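Here, each number is a calculation from the coordinates, and none is a lab measurement. It should be emphasised that the depicted structure is a prediction, and the values quoted were computed from it without experimental measurement. Counting neighbours? That spans all protein chains shown, and the Cβs are built from the backbone with ideal geometry, glycine included.
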Amino acid sequence: MDGASEQRMERVFIRLAVQIVTAAYAEAMRRHGLLPSTIAVITTYAEENLAALEREPDGVPTAEGR
């Protein structure tokens, strides 16, 4: 497997891991009693933060990414 294929596969695994963690945190927030709308807002913030990290070449968001 070439380097590009390995990178694509790694990204797939990372995205799957993020989905698992997202579901686990959402369930924990539900069990704690947070409202569904609050869970949705928090999940959106987390997704925005992850997207900002992906846009940065070194994985560190800039001030604009926050």
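Quick rundown of the values:
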{"read-out": "Region 3-65 - charge dipole about Cα centre, Lys and Arg +1 at Cβ, Asp and Glu -1, debye rounded to 20", "value": "340"}
{"read-out": "Order of Y25, Y45 - criterion: other Cβ atoms within 10 Å of each residue's Cβ, fewest first", "value": "Y45, Y25"}
{"read-out": "Label corresponding to Rg and Dmax of the Cα atoms in Å when calculated from the structure given, among (i) 13.2, 43; (ii) 21.8, 72; (iii) 14.8, 47", "value": "(iii)"}
